[in-house]
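Notes follow the structure.
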Amino acid sequence: MAFNDAFTGLLGQKKDPNSQPPRPLTRAEMDSVEGELTEITLRLETERKSREGIGRFFKHPIKVLTEQPINILIVCIPLSLIVFIGGFVSMIKTYGINVLFTSTVIDDFAVLAVLISIIPLAVLDLREQSRIKNLEDALPNFFRDLAGMNDSGMTLPNAVHLVAGAEYGALTPHIRKLDNEMSWGVGFVEGMYRFGKSLGTPLADRSVDLIAKASKAGGDISEVLRAAASDTFETVNLAQERRNNMFIYVIIVIVSWAVFMFVIAILVSSFLTTMATAGTAASATAASSQFMGRIDLPAYKRLFTHAAMLQGFFSGLCAGQMGEGRAVAGLKYSAIMLIISWVVFRFFI
């Protein structure tokens with residue numbers, strides 16, 4: 001009792017039998033408390049808005065734009081529209097509406113706008129797929145090593161701690177983060193869920209969910225870890241085998257576009273040029289002009305330019321869908337073929 005009285009006395013909580021009950025708050029004090037609560041509520045709401053939606057974008061723009069490749073379109077699409085519409089309006093103001101039919105500068109602005117939209121997305125998607133591949137390639141070894149150490153009698157936290165000292169490539173920082181969390185008292189199941197979330201790949205989510213649920217159920221976690229290792233290994237191998245088998249079809253798509261470009265180049269440089277020259281010469285006599293009309297060579301060149309660029313763009317999407325199962329993965333091919341088509345027709349044909 002003496003200890004309790006001394007402790008409560010130190011805290012200022014010892015009750016005096018002669019003390020008076022606390023007086024009620026005045027109106028001014030209540031208004032002051034309500035004002036503080038309102039201010040705290042507004043700050044919490046502001047902080048919540050800064051963690052999601054448009055508020056998060058303005059607070060961390062680079063992080064939001066690069067965490068998912070598709071997010072870069074938030075900036076790229078408006079920028080490409082500004083470039084195209086600005087160029088379109090400026091050309092019409094300078095040269096009049098006839099510039100649409102007599103010049104290819106408008107086509108140049110259109111190509112530039114498309115490239116502004118797809119190149120950043122293609123680069124970020126390529127980087128993201130490389131990250132996912134490196135992580136998923138290391139997952140089977142990580143799960144297999146955990147299973148082996150657990151079989152030897154180690155607890156899972158100790159096994160994770162020992163494995164964290166090894167090298168698993170791109171997966172190593174995530175394993176060390178898992179080890180740090182478990183050393184601070186985070187449970188194995190919760191730690192594994194956080195581990196899977198930090199990886200952010202479908203294969204990791206599936207494997208981690210399997211391991212966590214088996215651990216909750218109390219089964220043989222070593223067997224589950226081996227099953228997860230086998231599953232991830234087979235999935236990674238099947239994906240690699242699919243890419244290898246479909247690579248030939250990607251090459252066929254690219255070669256077909258190259259053949260189309262070659263045929264158009266020959267057609268324009270020899271056949272249509274000869275026909276245009278013959279038509280010009282024949283127009284000097286009325287009799288000959290009845291049998292041979294005039295060839296508008298610039299119009300044909302522009303038409304073939306559009307055809308080559310459209311085929312290059314959509315052939316790239318087809319190559320991505322066939323090779324990797326995602327049309328977005330073909331944007332890198334689309335960008336390369338679109339640039340080559342534009343350069344060939346703009347400067348050589």
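Miscellaneous remarks
- Residues located in the stretch 158-172, provided they are closer than 15 Å to PHE143 by Cβ and either out of contact with any helix residue (DSSP H, G or I) (no Cβ under 7 Å at 6 or more places or on another chain) or assigned to a loop (DSSP other than H, G, I, E, B) (or both): ALA164, ALA166, TYR168, THR172
- Selection count where residues are assigned to a helix (DSSP H, G or I) and surrounded by fewer than 21 Cβ atoms within 10 Å (Cβ to Cβ), scope the stretch 330-349: 9
- Remark: pairs (first residue in the stretch 134-157, of a type in the set (S, T, N, Q); second residue buried (at least 21 other Cβ atoms within 10 Å of the Cβ) and assigned to a helix (DSSP H, G or I); Cβ separation under 7 Å; 6+ apart in sequence or on different chains) = ASN150/LEU156; ASN150/ALA159; ASN150/LEU225.
- If the condition is being outside any helix (DSSP H, G or I), closer than 16 Å to ASN134 by Cβ and among the β-branched types (Val, Ile, Thr), then the stretch 173-205 contributes only THR201.
- Residues (in contact (Cβ under 8 Å) with a residue 24 or more places away in the chain and either among the aliphatic types (A, V, I, L, M) or touching a Phe, Trp or Tyr at 6+ places or on another chain (Cβ under 7 Å) (or both)) located in the stretch 240-255: MET246, VAL250, VAL253, ILE254
- Hey, ARG326 surrounded by fewer than 18 Cβ atoms within 10 Å (Cβ to Cβ), on the phi < 0 side of the Ramachandran plot, within 17 Å of the chain's Cα centre (by Cα) and modelled with pLDDT under 90 or not: yes
The values are calculated or read from the model by the stated rules, or taken from the named source; none is laboratory data. Source: prediction; values computed, not measured. Note: ideal-geometry Cβ built from the backbone for every residue, glycine included; neighbour counts use all protein chains shown.
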